[in-house]
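Here's the structure, in structure tokens; my notes come after.
The values are calculated or read from the model by the stated rules, or taken from the named source; none is laboratory data. Keep in mind that what you see is a predicted model, and the values were worked out from it rather than measured. Because the Cβ atoms are built from the backbone with ideal geometry, glycine has one as well, and the counts that use them run over all protein chains shown. The protein model used for the area step is the full one, side chains on, heavy atoms only, and it has no ligands, DNA or RNA in it. Shrake-Rupley method; radii C 1.70, N 1.55, O 1.52, S 1.80 Å.
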Amino acid sequence: MEKYTGKTVFKGVAVGPVTLFNKADDQIKRYKVEDPDAEISRFEKGIEDTNEQLAALYDKAVAEVGEASAAIFEVHQMMLEDEDYTDAIKSVITTESVNAEYAVAVTGDNFAEMFASMDDEYMKARAADIKDVSNRLVRVLSGASDSTTDSDKPSIIIADDLSPSETVQMDKSKILAFVTVHGSTNSHTAILARMMNIPALVSVDINLNTLENGCTAIVNGITGELIINPDEELIAKAQEEIDAINEKALLLQQMKGQETKTKSGREIKLYANIGSVSDLAYVLENDAAGIGLFRSEFLYLGREDFPTEDEQFQAYKQVLQTMAEKKIIIRTLDIGADKQVDYFNLGQEDNPALGYRAIRICLTQTEIFKTQLRALLRAAVYGNMAIMYPMITSTWEIEKIYEIVEEVKKELEAEGIPFKVPEQGIMIETPAAVVISDLLAPMVDFFSIGTNDLTQYTLAIDRQNQKLDKFYNAHHEAILRMIKTVCDNAHKAGIWAGICGELGADTELTEEFVKMGVDELSVSPSMILPIRKIIRDME
């Protein structure tokens, strides 16, 4: 028996025979061509054929994992049409008089290396997408076949790495689990594995040459372990875990499509928190009633300059259209503190958590704020949107926000651009906001309590400091009393109050929150169905 550990992609358990994934032979030969123009024409025909393959993969992925996750293959098609990429390939063909396969491979390696060297983990993971597109194009140009597995029965797939297209091309009914030596939990392959609900591990340090096809293995996505040739006792234990997971999943699936109401008829809005457009698939898969916290920072992170108004507009519009008439609450820019962006030039601060962040940036660098508001008001025409402003501590901040919104309205009217002013609410995440919540409530349409910062500021504990973990108590009576105060003051003013911090997903407190009068809980998508069950079981 051998045991290995890796990073968990999906927390499931699987037992079964191992199938080693055989990569297609992508060894590229370099040879001289007499007519570079003719080779470029062959390359362009290869682009067309590859696009057709990707379109077919997109259709297959839509059927198996949904439109949002299938979008990776649309991204791959866009990569194929990227002028920087295609011009670089043509340049290699022309200047070196070489075959298209070699030019594609070299360019793909160069672009992948460029992405892999970036600091941002998400951008690093895009290197795999570049390699995937380039390898597919090379195979099309050379007439080679795709990578394959030799197994015709359900098995645990173990590979050096897997690309998104290799993952989707497999027969889902024949996959018990994925294990890769390389790969990232942020990769599109990992996202696809999560959407397919398949136990998966990446970064498992195992020598594939020592493995035999057909040997028995256990993949435990809960503990992050791969066990090769386990004994009967371990297999029996793993099977018990699988049975328990299946029983729980079946029970939770019964919650899909059900109303989130207590037995006495009190309805709670059960929404999801997401950090980017790519998370929409999880929201739909887990049957959330809407999105209670859409973090708009993803549009600003991992880049070297501010996103344009149109870039933001398109992202917001996509979310609204995908979610149809479900409520989408978009939080305005919350940069600062633990989310630093170089091009904002925020400078060093002794205590950034108490510093220049969130609404404070927006109210002092108003052009940044106005660009985002213009995009939001334009996008609001396309669905059921609400805007939420973070880190509010006073009434004058709300007054100033409304002044800027009025300026934006007048600009859009003068330009003849369609827009809509949606509901506007604020986050309650400071003790100051709690204390004056009776004054703030009449000024806004809703409250959303950010329990992460509220706990940190109330207990005077830096939540990033591991030395203080034993002192950090999210269940502290002071926090619970504050939540009750905010709900009471909201209801007196005729508005609703919700929770969008991590505490909202704490199932030990769900019943207490409902009894306090919390109207909405916004949690990670995976917690939607478990919390719905608790609420439906409440008297």
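Okay, here's what the table says:
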item: Asp453, sole failed condition from (1) of a type in the set (D, E, K, R); (2) open to solvent by 30 Å² or more (accessible area, probe 1.4 Å); (3) touching a Lys or Arg at 6+ places or on another chain (Cβ under 9 Å); (4) modelled with pLDDT under 95; result: (2)
item: Those residues of the range 527-539 which are open to solvent by 30 Å² or more (accessible area, probe 1.4 Å) and under 19 Å from Ile328 (Cβ atoms), in sequence order; result: Met527
item: Number of positions in the range 270-284 that are out of contact with any Gly (no Cβ under 7 Å at 6 or more places or on another chain), of a type outside the set (Ser, Thr, Tyr) and closer than 30 Å to Glu539 by Cα; result: 2
item: Tally, over the range 431-459, of residues that are hydroxyl-bearing (Ser, Thr, Tyr) and more than 16 Å from Ala474 (Cβ to Cβ); result: 2
item: Residue in the range 276-287 that is open to solvent by 60 Å² or more (accessible area, probe 1.4 Å) and without any contact (Cβ under 8 Å) to a residue 40 or more places away in the chain present; result: no
item: Residue in the range 415-423 that is small (Gly, Ala, Ser) and without any contact (Cβ under 8 Å) to a residue 60 or more places away in the chain present; result: yes
item: Residue in the range 395-409 that is surrounded by the most Cβ atoms within 10 Å (Cβ to Cβ), counting only those that are out of contact with any helix residue (DSSP H, G or I) (no Cβ under 7 Å at 6 or more places or on another chain) and under 18 Å from Ala432 (Cβ atoms); result: Ile401
item: Every pair of residues 6+ apart whose Cβ atoms lie under 6 Å, when the first sits in the range 257-273 and is in contact (Cβ under 8 Å) with a residue 24 or more places away in the chain and surrounded by fewer than 17 Cβ atoms within 10 Å (Cβ to Cβ) while the second is assigned to a strand (DSSP E or B) and not hydrophobic (A, V, I, L, M, F, W, C); result: Lys261/Glu267
item: Single residue of Ala244, Ala238 found to be of a type in the set (Gly, Ala, Ser) and touching a residue at least 12 places away in the same chain (Cβ under 8 Å); result: Ala238
item: The range 410-431, residues that are open to solvent by 50 Å² or more (accessible area, probe 1.4 Å) and part of a helix (DSSP H, G or I); result: Lys410, Glu411, Glu413, Ala414, Glu415
item: Some residue of the range 477-492 being in a loop (DSSP other than H, G, I, E, B) and either among the hydrophobic types (A, V, I, L, M, F, W, C) or open to solvent by 10 Å² or more (accessible area, probe 1.4 Å) (or both); result: no
item: Test: residue in the range 277-297 that is under 20 Å from Val381 (Cα atoms), assigned to a helix (DSSP H, G or I) and among the β-branched types (Val, Ile, Thr); result: yes
item: Members of the range 18-33 that are outside any loop (DSSP other than H, G, I, E, B), modelled with pLDDT of 90 or more and surrounded by fewer than 16 Cβ atoms within 10 Å (Cβ to Cβ); result: Lys32
